[in-house]
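Every read-out reported here was derived from the displayed coordinates using simple, explicitly stated rules and does not represent laboratory data. Remember, it's a predicted structure, so these values are computed and weren't measured experimentally. Note: ideal-geometry Cβ built from the backbone for every residue, glycine included; neighbour counts use all protein chains shown.
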Amino acid sequence: MFVAAALCLGLVVGSFLNVVVHRVPRGESIVHPGSRCPACGHGIGPLENVPVLSWLFLRGRCRGCAAPISVRYPLVELITGLLFAAAAWRFGPGAQAGLVMLLAAGMLAAALIDFEHRFIPDAISLGGLAVGLVAAPLAAAAQGAPLGQAAGNALLGALLGGGLLWSVGFLHARVSVVLGRRFEHWPGEGEPLPRPSQADYWLWFPGMGLGDVKLMAAIGAFLGPAGVLETIVTASLLGLALGVAHAASSRQAAAPFGFGPAIALGALVVALVPHPPLMSWLA
């Protein structure tokens with residue numbers, strides 16, 4: 001029953017994530033106005049907003065103007081439901097399942113936005129960091145861990161996650177300067193390279209956005225230091241596979257591809273798939 005309830009909750013949360021993914025990148029409110037068709041403005045009533053079922057009943061078209069409704073909407077709802085059900089199945093009733101559900105919702109929103117718009121909003125990355133720094137220690141304390149130790153673990157995970165990815169981007173930028181490499185958007189046509197006295201020298205890197213750094217910090221707050229290392233390894237392998245698939249589908253070997261989806265998917269794999277502790281891998 002708990003798994004079934006988690007599935008239903010995930011379907012509802014997935015419906016909300018569709019609003020987040022559509023509106024947040026456009027700077028729109030996720031509260032007002034209510035859901036409506038982007039083609040004709042037809043307000044979507046409660047019976048038209050039932051996760052998955054309404055899309056099937058309407059045959060994927062707006063009731064007002066018959067414009068097609070993307071299949072992405074029911075897919076996001078279904079995927080969120082399945083992720084929540086997986087967390088319930090994996091951890092059972094308790095705070096840990098709720099924590100992983102929060103992580104799953106944030107990672108799915110980040111992956112979808114980054115895939116479509118190639119950036120991760122601070123509302124998701126920094127918002128997720130704030131939630132993780134509070135929720136992860138409380139979940140650990142609910143399972144009997146000392147609250148102070150759990151809070152320190154979340155903070156250390158956030159610093160390690162953000163710090164490692166920032167170091168990669170910073171070192172890549174410095175090596176690129178030494179080698180005389182230039183990129184399409186870095187530093188920009190006719191623009192000088194940033195200098196140490198400028199913030200861009202420390203925060204603007206070729207090939208990797210600062211959103212990825214913030215997202216990894218949020219993941220570290222949820223999963224701790226060991227989870228950060230596992231996520232980076234998993235995300236690197238997934239990023240390679242996704243990058244090859246993206247290049248093949250676009251028929252361009254150098255097609256731009258955000259790393260955010262791989263990071264998000266890697267975090268979900270680490271959180272949901274049973275695996276030996278990190279130290280046992282290193283033994």
Surrounding net charge for Val269, when Lys and Arg each add one and Asp and Glu each subtract one, Cβ distance under 14 Å: 0
Global geometry of segment 1-93, whether rounded, prolate or oblate, following the gyration tensor of its Cα atoms and the 1.5 cut on a/c: prolate
Size of charge dipole - the chain - debye, nearest 20, with Cβ of Lys, Arg +1 and Asp, Glu -1, no other charges: 400
Overall form of segment 98-191 per C-alpha gyration tensor (a/c, 1.5; a/b vs b/c): oblate
Cα-based convex hull volume of segment 104-283 per residue, rounded to whole Å³: 147
Nearest-0.05 FRET efficiency for Val244 and Leu9, computed from C-beta distance (R0 25 Å): 0.10
